[in-house]
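**Q** Sharing a structure, written as structure tokens. Questions coming.
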Amino acid sequence: MAIAYNERTHRCGSLRKENVGDTVTLAGWVNNYRDHGGMVFIDLRDHEGLTQLKFNPDTDPAAHEIARTLRNEDVIAIRGTVATRGENVNPKMLTGEIEVEASGADLLAKSKPVPFEISDHVEANEELRLRYRYLDLRRPQIQNIFRVRHQLTKTIRDFFDDEGFLEIETPVLTKSTPEGARDYLVPSRVQQGSFFALPQSPQIFKQLFMIAGFDRYAQIVRCFRDEDLRGNRQPEFTQVDMEMAFVKRDDVMNTIDRCVVRIFKEILDVDIETPIRHMSYAEAMERFGVDRPDTRFGLELQDITDVVRETGFGVFKGAIESGGAVKCIVAPGGAELTRKVTDGLTEELKGIGAGGMPVTKVVDGADGPEFATGVAKFMQEFCKGICEKTGAKVGDAIFFMPGSYKDVCKYLHFVRTRLAEILGVIPEGRWDLVWVVDFPLVDWNEDEKRWDSTHHPFTAPFEEDIPLMKTDPGKVRSDAYDLVLNGEEMGGGSIRIHRQEVQRAVFDLLNISEEDAQLKFKHLLEALAFGAPPHGGIAFGLDRWVMKMTGQESIREVIAFPNTQRATCPLTDAPGSVDEKQLLELGIDIRPEVRAKLEKSAE
RNA sequence: GGGGCCGUAGCUCAAUUGGUUAGAGUACCGGACUGUCGAUCCGGUGGUUGCGAGUUCGAAUCUCGUCGGCCUCGCCA
């Protein structure tokens, strides 16, 4: 008799000893089978958990016959009676006190042997996992990630709903903006020769919502950027996007503080202290060398430019004379580090463009602490000064970095992060949140010889800094803010420019002509002329939040069907070629040199 | 575009550093087994060592190229 699989009485994670004696119907996948010739045991799996099924030839020969043929990942439905396991309780299973004695079984779908085991014990390589992602997604730990993802989006939506935000969708087929990241383009058939762009973010649209008078908008929205991938970057990703009218930056940050508190409480049952602390961009760069400081540990950067100003040591002297700096990191107990480790660090640094890294160790000398090994002989005369300035003690190692301020920051940030791993000083279970504020409005682009927006061209400068735009643009601070969690940027936003004359001044500074501005941002500029309320907002990388909250190392783990580093999908084989007919309709063609390359690789 | 690591059975990994017929666990197939739970025991199938050149008496191992994966710099307003 067929089992009514559409009338499951329970799920596989729910049966307990209170259910003993109940007649139940379950359905799911064969997680594992143990065939004793007589007795057959099957662990049945569904989205909730595992239940052991027992097939006894004396109880039900027909069901037992079916059970003997079952293999992993076969889909079955069974009917049976819940029984206690007596002496044979399995404490490792949530349902380990019971089992279901099957009195009927249906094979609903046979499975081929799977390319990799669906289990906690075996980890297949990532490419294979992505190629058979639907099998990978069967693993309970992976399903849990998506459960957290669901809870997180629900919590965020509930929060914004409670605070009076409206979720409104914005276009996916929209207009290319030449600023910022490379756009994904979609050719138009109706307007041959024209292209839509997929949004890098709904930035302008959300500002238009404010001008439209919605007051508060929030959306969980897919965004696209055609740039190279990283462990925490995918070409399509999900933003939590919000905008508020009639606010100053503290209002936005306070709102997010409340949201973050709620997220941590509801998802992880962790209490976050508010207000989340603020740190200026300048302080972050000075102490950590990066605008997303990891404040869970020390190893901060220390400036010793003044201490060693009179040095004859070539690289230090050169850096100082050309207006740069000499900074260092003191590694407590670093004298224990082997030559191999410090040399390895130097090699890694060279890999990202550094010339090298002078290192020395502080030892007990005849006359107090002195330097030993490495660049000791060049630095000995400054030992006392450096130790006083930095607090370095006997047994420590000091890693020096001379160069331009930018380079020193970049390389020492790298050193700091690696040292923290090597020394094992990153505490577990910490959630260090910090708002980085007072970013510079613009950044000098040496290659192009022009000022670029640090954030984006609609970010408001500090009112009191506006006069500096003409005289010293690099000093102008912007009303922008980034939220950083454990050294990773989780989101960023700003107060926007709502007055035309300020917007024009910023465009001037960015060397965007009136014509250009009209061409690129006409819709926003026009709207600003019709009474724009002061407004500001922020956007979060949802994927990064899920990644952090589930303890994953890669963003790919928290996206159902992610891309590889070369932006392909091993499961669908996207992107793929299209018919000539499709190209014809769109009025576009593959360039000859690309065609030639494709034909060559097809051979 | 640059730097680094990797690619051996369906899967996870070995192969004494260039040496005879490339092994093990697992999966799969056959057999045994009535309390297992990563079942056990016996037997079996399974390999273009990513691909292509080269060096060598001899290459999984060395060299070059190429393809693919991951990390990273640039890039990501």
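**Q** Among the residues of the stretch A:33-49, how many are assigned to a strand (DSSP E or B) and buried (at least 18 other Cβ atoms within 10 Å of the Cβ)?
**A** So the answer is 6.
**Q** Would you mention how many residues in the stretch A:562-580 are part of a helix (DSSP H, G or I) and within 19 Å of A:F224 (Cβ to Cβ)?
**A** Total satisfying the criteria: 0.
**Q** A follow-up question, please. Taking the residues in the stretch A:12-32 that are surrounded by fewer than 16 Cβ atoms within 10 Å (Cβ to Cβ) and part of a loop (DSSP other than H, G, I, E, B) as candidates, determine which candidate is farthest from RNA strand B (Cβ to nearest atom).
**A** Residue satisfying both the conditions and the ranking: A:D22.
**Q** Here is a follow-up. Does A:R233 fit the bill of being away from RNA strand B (no atom under 12 Å from the Cβ), open to solvent by 40 Å² or more (accessible area, probe 1.4 Å), in contact (Cβ under 8 Å) with a residue 12 or more places away in the chain and not hydrophobic (A, V, I, L, M, F, W, C)?
**A** no
**Q** Determine, yes or no, whether A:I352 is out of contact with any Gly (no Cβ under 9 Å at 6 or more places or on another chain) and of a type in the set (A, V, I, L, M).
**A** yes
**Q** While we're looking at this one, here's another question. Sort through A:R499, A:R477 and tell me the only one that's open to solvent by 20 Å² or more (accessible area, probe 1.4 Å), modelled with pLDDT of 95 or more and either not assigned by TED's automatic domain parsing to the domain that holds A:A529 or not aromatic (F, W, Y) (or both).
**A** None of the others qualify; the one that does is A:R477.
**Q** Any chance the stretch A:217-226 includes a residue that's away from RNA strand B (no atom under 16 Å from the Cβ) and at pLDDT 95 or above?
**A** So far as the stretch A:217-226 goes, yes, one or more of its residues are away from RNA strand B (no atom under 16 Å from the Cβ) and at pLDDT 95 or above.
**Q** Please name all residue pairs, on different chains or six or more residues apart, with Cβ atoms under 7 Å, provided the first residue is in the stretch A:529-556 and is farther than 28 Å from A:D251 by Cβ and within 15 Å of RNA strand B (Cβ to nearest atom) and the second residue is modelled with pLDDT of 95 or more and assigned to a loop (DSSP other than H, G, I, E, B).
**A** Going by the 7 Å Cβ cut-off, the qualifying pairs are A:I555/A:Q234; A:R556/A:P562.
**Q** Quick one: is A:L152 open to solvent by less than 40 Å² (accessible area, probe 1.4 Å), in the same structural domain as A:A539 (by TED's automatic domain parsing) and not acidic (D, E)?
**A** Yes: the conditions hold for A:L152.
**Q** Which of (1) within 16 Å of RNA strand B (Cβ to nearest atom); (2) under 28 Å from A:L53 (Cα atoms) does A:E126 not meet, given it meets every other one?
**A** In the conditions (1) within 16 Å of RNA strand B (Cβ to nearest atom); (2) under 28 Å from A:L53 (Cα atoms), A:E126 misses (2) alone.
**Q** I've got another one for you. Which residue, of A:L185, A:L198, A:L208, is more than 17 Å from A:I256 (Cβ to Cβ), in contact (Cβ under 8 Å) with a residue 24 or more places away in the chain and away from RNA strand B (no atom under 13 Å from the Cβ)?
**A** So the residue among A:L185, A:L198, A:L208 that is more than 17 Å from A:I256 (Cβ to Cβ), in contact (Cβ under 8 Å) with a residue 24 or more places away in the chain and away from RNA strand B (no atom under 13 Å from the Cβ) is A:L208.
**Q** Got a sec? Which of A:T84, A:T9 is surrounded by fewer than 17 Cβ atoms within 10 Å (Cβ to Cβ) and in contact with a Leu (Cβ under 9 Å, 6 or more places away or on another chain)?
**A** Result: A:T9 is the single residue among A:T84, A:T9 that is surrounded by fewer than 17 Cβ atoms within 10 Å (Cβ to Cβ) and in contact with a Leu (Cβ under 9 Å, 6 or more places away or on another chain).
**Q** Of the residues that sit in the stretch A:245-302 and are of a type in the set (V, I, T) and part of a helix (DSSP H, G or I), which one is surrounded by the most Cβ atoms within 10 Å (Cβ to Cβ)?
**A** A:I256
**Q** Where residues in the stretch A:50-66 are away from RNA strand B (no atom under 11 Å from the Cβ) and crowded, with 19+ Cβ neighbours inside 10 Å, which of them is nearest to A:L137 (Cα to Cα)?
**A** By that ranking, first place goes to A:I66.
**Q** Within the stretch A:112-140, which residues are surrounded by fewer than 17 Cβ atoms within 10 Å (Cβ to Cβ) and under 19 Å from the mean Cα position of the chain (by Cα)?
**A** Selection gives A:E126 alone.
**Q** Which of the residues belonging to the stretch A:417-456 are within 12 Å of RNA strand B (Cβ to nearest atom), open to solvent by less than 40 Å² (accessible area, probe 1.4 Å) and part of a strand (DSSP E or B)?
**A** Residues satisfying the conditions are A:P440, A:V442, A:N445, A:S453.
**Q** While we're looking at this one, here's another question. Report, by residue number, each residue of the stretch A:397-416 that is open to solvent by 10 Å² or more (accessible area, probe 1.4 Å) and either more than 16 Å from A:F297 (Cα to Cα) or outside the structural domain of A:T346 (by TED's automatic domain parsing) (or both).
**A** A:P402, A:G403, A:S404, A:Y405, A:K406, A:D407, A:K410, A:Y411 - these are the residues of the stretch A:397-416 that are open to solvent by 10 Å² or more (accessible area, probe 1.4 Å) and either more than 16 Å from A:F297 (Cα to Cα) or outside the structural domain of A:T346 (by TED's automatic domain parsing) (or both).
**Q** Sticking with this one: It is to be established whether one or more residues within the stretch A:581-598 are without any contact (Cβ under 8 Å) to a residue 60 or more places away in the chain, surrounded by 13 or more Cβ atoms within 10 Å (Cβ to Cβ) and in a helix (DSSP H, G or I).
**A** Yes, the stretch A:581-598 contains at least one residue that is without any contact (Cβ under 8 Å) to a residue 60 or more places away in the chain, surrounded by 13 or more Cβ atoms within 10 Å (Cβ to Cβ) and in a helix (DSSP H, G or I).
The values are calculated or read from the model by the stated rules, or taken from the named source; none is laboratory data. Note that the structure is a prediction, hence the values are computed from the model and not measured. For neighbour counting, all protein chains shown are included, and Cβ atoms are generated from backbone atoms with ideal geometry for every residue, glycine included. Just the protein is used for accessible areas: all its heavy atoms, side chains included, with ligands, DNA and RNA removed. Shrake-Rupley method; radii C 1.70, N 1.55, O 1.52, S 1.80 Å.
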